[in-house]
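The values are calculated or read from the model by the stated rules, or taken from the named source; none is laboratory data. Because the structure is predicted, anything quoted here is derived from the model rather than measured. Don't worry about glycine lacking a Cβ; one is built from the backbone with ideal geometry, like all the others, and counts go over all protein chains shown.
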Amino acid sequence: MATLSAIQNDTTPAWTQWYRASRPLDFRLVHTKLDLKPLFETAQLEGKAWIRMQVGFYPVQSVDLDAQGFTIRRLAMRTLDADSNRWIELAYRYNRKVVSAKLPKTLAGGTALEIHMDYLASPDSLNAGAGSAAIQGEKGLYFIRPDSVYPDKPLQVWTQGETDHNSCWFPTIDAPNQKMTQQISIRVDTAMVTLSNGIMVGSTRHEDGTRTDTWSHNLLHAPYLAMIAAGKFSVTKDTWRNIPVHYYVEPQYAPLAARIFHRTPDMLDYYSKVLGVDYPWSSYHQIAVRDFVSGAMENTGAVVFGQWAQRSARELVDGSAEGTVAHEMFHHWFGDLVTCESWSNLSLNESFATYGTPLWYEHA
């Protein structure tokens with residue numbers, strides 16, 4: 001009776017269990033640099049991160065970073081002032097989700113600092129949930145490998161960050177009210193190609209048969225929009241107003257890539273005109289991966305689709321991914337350029353993108 005009475009007297013509004021308030025801005029992200037090496041045999045990721053940030057309005061004595069399922073090998077910091085060459089090792093507590101580090105001294109509001117972490121990410125070790133109807137997975141980083149049931153499945157790695165799952169593969173403040181620039185270097189076998197946000201600014205071959213590609217994204221976006229992918233993809237190259245527009249598909253679909261990602265340059269042109277704001281990012285690439293946990297994802301300038309988007313010439317007679325291409329592209333204005341303050345405002349991102357699709361169909 002006591003338990004029943006407590007339930008009957010509970011006046012807590014139901015919305016409170018779903019509402020997710022904005023994260024406090026104790027720090028503001030500025031720039032994230034990552035050196036990454038996927039380990040396909042163990043489904044892990046070796047990573048080194050350098051995270052530049054700025055203290056918010058109030059002085060701070062500690063810093064919290066989202067870092068899910070890591071083995072932390074080193075954690076250090078430096079202030080970006082006259083002592084910027086002096087790294088200080090940090091003492092920290094870690095609960096497999098958040099690393100809380102004590103700073104060597106109180107830092108005043110506005111202080112610029114850099115955190116360095118050397119780590120091993122193990123997404124398969126996470127007790128990750130099943131996700132939602134829209135995104136069926138919460139471990140952020142996914143290794144696709146052949147197995148006894150599907151021995152011909154291609155070797156791939158890709159990420160899915162929304163909502164707050166990119167912290168499964170790099171340390172960050174994993175909240176949509178943060179924005180950062182980034183540089184990501186990915187070391188893979190030379191037979192693989194890579195994709196990340198922005199522009200590839202360098203590629204270095206190593207004597208062990210691997211190659212490091214470096215991607216630079218110099219425009220601010222939220223951490224959940226960062227991505228990486230690697231595998232044996234064929235890349236078809238197009239452009240729009242001197243912006244690279246590339247289509248990544250499995251080799252057998254290469255002759256059909258431009259039809260699979262139907263009228264992408266035309267959409268970029270139309271949305272830029274109808275919104276009165278030119279497409280604001282430095283690239284627009286699209287990739288189709290195996291076993292994706294959603295339909296598609298609007299990572300800034302590097303949209304990921306499930307394998308469903310890859311269709312034969314006969315299948316393309318009946319339909320293409322055109323509507324989804326339009327939806328994900330519209331997100332690059334509403335979601336990527338203008339981002340929801342907290343995940344309780346996610347419906348704004350999706351509502352605008354959903355509106356963008358019939359706008360395109362009406363025009364086309």
Considering only residues that are hydroxyl-bearing (Ser, Thr, Tyr) and crowded, with 19+ Cβ neighbours inside 10 Å, look in the stretch 284-323 and name the one that is farthest from Ser234 (Cα to Cα). Thr300
Restricting to the stretch 313-329, give me the number of residues that are in contact with a Ser or Thr (Cβ under 7 Å, 6 or more places away or on another chain) and either among the hydrophobic types (A, V, I, L, M, F, W, C) or on the phi > 0 side of the Ramachandran plot (or both). 2
Could you identify the single residue in Thr324, Thr339 that is farther than 26 Å from Lys153 by Cβ and of a type in the set (Ser, Thr, Tyr)? Thr339
Residues of the stretch 71-97 that turn out to be in a loop (DSSP other than H, G, I, E, B), surrounded by 12 or more Cβ atoms within 10 Å (Cβ to Cβ) and of a type in the set (Lys, Arg), as a count: 2
Any pair with Cβ under 9 angstrom, 6 or more apart, that starts in the stretch 60-74 at a residue that is assigned by TED's automatic domain parsing to the domain that holds Thr111 and ends at one that is in a strand (DSSP E or B) and among the acidic types (Asp, Glu): Ile72/Asp118; Arg73/Asp118; Arg74/Glu89; Arg74/Asp118
How about the stretch 30-70: which of its residues are in a loop (DSSP other than H, G, I, E, B), among the small types (Gly, Ala, Ser) and surrounded by fewer than 21 Cβ atoms within 10 Å (Cβ to Cβ)? Ala43, Gly56
A careful count of residues in the stretch 99-134 that are surrounded by 18 or more Cβ atoms within 10 Å (Cβ to Cβ) and either hydroxyl-bearing (Ser, Thr, Tyr) or modelled with pLDDT under 95 (or both) gives 4
Given the conditions (1) in contact (Cβ under 8 Å) with a residue 40 or more places away in the chain; (2) more than 17 Å from Gln156 (Cα to Cα); (3) assigned to a loop (DSSP other than H, G, I, E, B), and given that Val293 satisfies all but one, which numbered condition is not satisfied? (2)
